[in-house]
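Encoded as structure tokens, the structure appears first; notes follow it.
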Amino acid sequence: MIVVGGGPAGSSTAAFLSQRGRRVLVLEREKFPRFHIGESLLPFARDIWEELGVLDEIDRRFIHKPGARFIHSESGAMFTYRFENAIRPGRPYAYEVPRGDFDKLLLDNAARLGAQVREESEVRDVFIEEDRVRVEVHGPNGTCYEVTGQVVVDATGRDTLLGSRYGLKVADELVTTNVACFTHFENTVRQPGPDEGNIDIVLFDGGWWWFIPFKGTVTSVGCVLQKHFTRSRKGMSAEELFQAALDATEAAQRLLAGARRIRPIGTTGNWSYRCRQYYGHRFVLVGDAAAFIDPLFSTGVLMAVYGARFAAEAIDEALATGDLSAERFAVYQEHATRGADLFKRLVHEFYGESLRRLLVGSHTNPTLRAVITSMLAGDVYRPAIWHGVVMKEGFSRLF
Ligand SMILES: Cc1cc2nc3c(=O)[nH]c(=O)nc-3n(C[C@H](O)[C@H](O)[C@H](O)COP(=O)(O)OP(=O)(O)OC[C@H]3O[C@@H](n4cnc5c(N)ncnc54)[C@H](O)[C@@H]3O)c2cc1C
């Protein structure tokens, strides 16, 4: 079994397969810890951390995130969703994690469970053959070699190694944001007491901001910008774009009063896509390599690790039968897209504007508040009656 990419999707797939006694090789391009965006986790990922045996360590090392506060910059309206109010009880908080440390913890755990992990090992090519897969690897110090296995898992994140190669990616045109700018600050204004670990999401006319506080003094700050905001600012540097967004968002300025930036501004763009098929003969796509939804509700890592669990189950069963044809993996895609479809619905309603108002005004409707809280907590993979209502009617039916 070859896993390409050692982020949450790759390391978790490797860990789940190792737990089932499978031999796994993980090939990761970078040397961990490395910086990565995507630092706010959701409470329902807890089930996965427990299964992987890392819950206690995560709980000890990272700040607890008991809720999500939405602030509307122009009106000043705000509302905090507390995970303890989710419909399904038992997961009252999540974590905010510097991804360098967090991804290393997961990758080390995969190795502890028996996976062989090779860092600084970039996969340059994959050859899918009838009875095996061959992978071309560029390792440290200019080494170049080939490895073979029975199945390859593409967990290369937004690089989408196989999805791009096979033309599987379909862009989501209903999402109206297209660029993110991000960095870390020291000493931003935080919420008091146990709410210190809450994520702040600041909505403004040009997009939205995240403020993700880590344990200690550092906070991840980024903005996700709407096409209409970036279109009129083409040619701006990352710094200029970040500053232009900040100039347009009073509420974000207030949270940054007295804070000091400690990283250059990074940018990324072109998101919200889904691969038409998450699998083929002897291969499976997991995490961002399969699909990426706009990060408004911090859903990426949750989908990556649940996808890893479903993929590992399907691969293990396929290996047990000796039949590694594409159809064996269809069940994996069914399971993985069940949760993703709900998140997609939420994101579409937000960018279609109908949800924007409700996010800061849902105190008037307890049902709506409970459903949104459960979505924000990531309760999308275990059956619930409200899933069907949301998928059929959208959130409009709930108020
Ligand atoms: C602006 C923004 C904000 C986000 N905010 C959040 C958030 O708050 N919460 C959240 O849960 N998610 C968030 N996400 C999403 C989150 O970053 C991803 O969903 C998550 O990292 C997916 O994990 P992954 O393992 O699939 O991919 P990645 O974490 O990207 O890991 C892929 C790994 O593959 C390696 N790799 C790539 N190509 C190769 C190759 N050819 N050979 C070997 N190795 C390779 C890379 O080095 C990398 O380590 C955000 C995303 C964006 C863009």
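When you go through 27, 41, 52 one by one, which is the residue that is surrounded by 15 or more Cβ atoms within 10 Å (Cβ to Cβ) and either among the basic types (Lys, Arg) or in contact with a Gly (Cβ under 8 Å, 6 or more places away or on another chain) (or both)? Lay out the reasoning, then the answer.
Numbers: 41 fails: either among the basic types (Lys, Arg) or in contact with a Gly (Cβ under 8 Å, 6 or more places away or on another chain) (or both); 52 fails: either among the basic types (Lys, Arg) or in contact with a Gly (Cβ under 8 Å, 6 or more places away or on another chain) (or both).
Just one listed residue meets the conditions, 27.
Checking the conditions here, which among 120, 130, 74 is in a loop (DSSP other than H, G, I, E, B) and closer than 18 Å to residue 155 by Cβ? Don't jump to the end; show me each part of the working.
Details: 130 fails: closer than 18 Å to residue 155 by Cβ; 74 fails: closer than 18 Å to residue 155 by Cβ.
None of the other options fit; the residue is 120.
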Next item on the list: Among the residues of segment 216-238, count how many are of a type in the set (Ser, Thr, Tyr) and away from the ligand (no atom under 16 Å from the Cβ).
Entry: 3
Note to self: Go through (1) β-branched (Val, Ile, Thr); (2) within 13 Å of the ligand (Cβ to nearest atom); (3) under 20 Å from residue 311 (Cβ atoms) for residue 151 and report which single condition fails.
What the structure shows: (2)
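Anything in segment 229-273 that is among the charged types (D, E, K, R), modelled with pLDDT of 95 or more and either closer than 26 Å to residue 300 by Cβ or out of contact with any strand residue (DSSP E or B) (no Cβ under 8 Å at 6 or more places or on another chain) (or both)? List them, or say none. Spell out the reasoning first.
Looking only at segment 229-273, we keep the residues that are among the charged types (D, E, K, R), and these are 231, 233-234, 239-240, 247, 250, 254, 260-261, 263.
Going one step further and asking which of them are modelled with pLDDT of 95 or more, we end up with 239-240, 247, 250, 254, 260-261, 263.
Across segment 229-273, the qualifying residues are 239, 240, 247, 250, 254, 261, 263.
Hey, any hits in segment 107-115 for a residue that's modelled with pLDDT of 95 or more and part of a strand (DSSP E or B)? Break it down into steps so the answer makes sense when it comes.
At the first step, the residues of segment 107-115 found to be modelled with pLDDT of 95 or more are 107-115.
If we keep only those that are part of a strand (DSSP E or B) as well, we get none.
No, segment 107-115 contains no residue that is modelled with pLDDT of 95 or more and part of a strand (DSSP E or B).
For residue 213, state whether it is more than 30 Å from residue 3 (Cα to Cα), surrounded by 14 or more Cβ atoms within 10 Å (Cβ to Cβ) and within 16 Å of the ligand (Cβ to nearest atom). Can you show your working first?
Working: more than 30 Å from residue 3 (Cα to Cα): yes; surrounded by 14 or more Cβ atoms within 10 Å (Cβ to Cβ): yes; within 16 Å of the ligand (Cβ to nearest atom): yes.
So residue 213 passes the test.
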Check: How many residues, within segment 36-71, are assigned to a helix (DSSP H, G or I) and either farther than 19 Å from residue 307 by Cβ or not aromatic (Phe, Trp, Tyr) (or both)?
Finding: 15
Note to self: Quick check on segment 161-174: of everything there that is within 16 Å of the ligand (Cβ to nearest atom) and surrounded by fewer than 22 Cβ atoms within 10 Å (Cβ to Cβ), which residue is modelled with the lowest pLDDT?
What the structure shows: 172
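Within the group 70, 102, 35, which residue is buried (at least 18 other Cβ atoms within 10 Å of the Cβ), within 20 Å of the chain's Cα centre (by Cα), in the same structural domain as residue 140 (by TED's automatic domain parsing) and among the hydrophobic types (A, V, I, L, M, F, W, C)? Working first, answer last.
Numbers: 70 fails: in the same structural domain as residue 140 (by TED's automatic domain parsing); 35 fails: buried (at least 18 other Cβ atoms within 10 Å of the Cβ).
After ruling out the rest, the residue left standing is 102.
The values are calculated or read from the model by the stated rules, or taken from the named source; none is laboratory data. Just so it is clear, the model here is predicted, and its values are computed rather than measured. For neighbour counting, all protein chains shown are included, and Cβ atoms are generated from backbone atoms with ideal geometry for every residue, glycine included.
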